[in-house]
Structures are given as C-alpha cells and as structure tokens.
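Asks: Structure in structure tokens, see below.
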Amino acid sequence: MTRHSVVVIVRDGCHLCVDAVALAERVCAEFGADFRTLDVDADSALAEHSDHVPVTFVDGRRLAIWFLDEPQLRAALTT
C-alpha cells in the first residue's frame, strides 16, 4: 500500500484554509497519510496559488482549490 502525501497551501487569516486543514488532518490521520501545510505568503515559489487558497495536493497533484471535499479526498487516498 502506498503512503500518500497531502499538502494544503494556506494563508493566515483564511477561514476556508482553517476548514480545509481540519478536514485534511482528520482524514490523513485516519488513512495514515503524510500531511503538511505551506504558507503561500512565506514562499514566493507558491505565488501562482495566491488567489486560490486553500489549494490541496495529493501526491503532488492538485485535488482542490477553495473547498476541500471529504469524499473526494478519501477517494484520492484509497488509490
């Protein structure tokens, strides 16, 4: 079984980011997936995502922008 990696690009003060992180942390813990956040404002390499936070990636592929859907995340972690 592959150990998946989930990254959520966030911004301080973003309520959608808070929601996405809470969901991703919970689901990743359940699936044993690696999880981390990246601050879009702390890394200029992430500037292309600035208008779309939160942005969620699973195994390096973009899964969602703005709203993270739990069934979609679960499906991505079962493949």
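Computed from the coordinates by the stated procedures, all read-outs in this text should not be read as laboratory data. The structure presented is a predicted model; accordingly, all values stated were derived computationally and were not measured. With ideal geometry, Cβ positions are generated from the backbone for all residues, glycine too; neighbour counts draw on all protein chains shown.
Asks: Looking only at residues that are among the β-branched types (Val, Ile, Thr) and assigned to a strand (DSSP E or B) in the range 24-59, which one is surrounded by the fewest Cβ atoms within 10 Å (Cβ to Cβ)?
Replies: Going through the qualifying residues, I end up with Thr37.
Asks: Search the range 39-58 for residues that are closer than 25 Å to Val27 by Cα and pair each with any residue that is part of a helix (DSSP H, G or I) and of a type in the set (Val, Ile, Thr) when their beta-carbon atoms are under 8 Å apart and the residues are at least 6 apart or on different chains.
Replies: That search, which allows pairs on different chains as well, returns Pro54/Val21.
Asks: Next up: Being over 22 Å from Glu70 (Cα atoms) and in contact with a Cys (Cβ under 8 Å, 6 or more places away or on another chain) is the filter here; which residues of the range 11-52 pass it?
Replies: Selection gives nothing.
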